[in-house]
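Below is one structure, written out as structure tokens; comments come after it.
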Amino acid sequence: MNKNILITASPVNDQVVNISIEGELTIRNANQLKAKLSEALTSYQNINLKVRNVNRGDLSVVQLFLSVARTARKLGKKVNVEFEQTEYIVSLMETSGMGKVFLQR
């Protein structure tokens, strides 16, 4: 388990889970994050992701969020992704071309 990322799952009920993600959103942490998100997709109908306090990030994790959202849609499930819109996150999303997908303005 990588100490540069904190992933906390808090079930609301048997259908909904809130997942808080903080720290480094980098390829180094992508497998750990993917495992947690895959587990949530298997166990819940609705997944609420709250991403905050990000101090590093790269395209691999942005792509992972997009993949999870698409997989959920194919399974008839719902994923909401809410980013704390810091200057860093806005820059990362716009640079990656995902600003329109993930940032609400």
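Cβ-Cβ distance of Glu84 and Lys3, R₀ of 25 Å, FRET efficiency by 1/(1 + (r/R0)^6): the value works out to about 0.75. Considering only Gly57, Gly23, Gly76, the Gaussian network model of the chain with Cα springs below 10 Å gives its largest mean-square fluctuation to Gly76. Note on the stretch 27-105: with charges restricted to the Cβ of Lys and Arg (+1) and Asp and Glu (-1), its dipole about the Cα centre is near 320 debye. Per the Kirkwood formula applied to alpha carbons, the chain shows a radius of gyration over Rh ratio, Rg over Rh, of 0.94.
Just grab the label-to-label distance for Arg52 and Val16, each label 7 Å out from Cα along the Cβ direction, in nm (one decimal). Computed distance between label sites Arg52 and Val16 equals 1.7 nm. Sorted fewest first by neighbouring Cβ atoms within 10 angstrom, Asp14, Asp58 come out as Asp14, Asp58. Against the chain, whose longest principal axis comes from its Cα atoms, helix 27-43 is set at around 20 degrees.
Throughout, read-outs are computed from the coordinates displayed, never taken from laboratory work. Quick caveat: nothing in here was measured; it's all calculated off a predicted structure. Quick reminder, even Gly has a Cβ in these numbers, built from the backbone with ideal geometry, and neighbours come from all protein chains shown.
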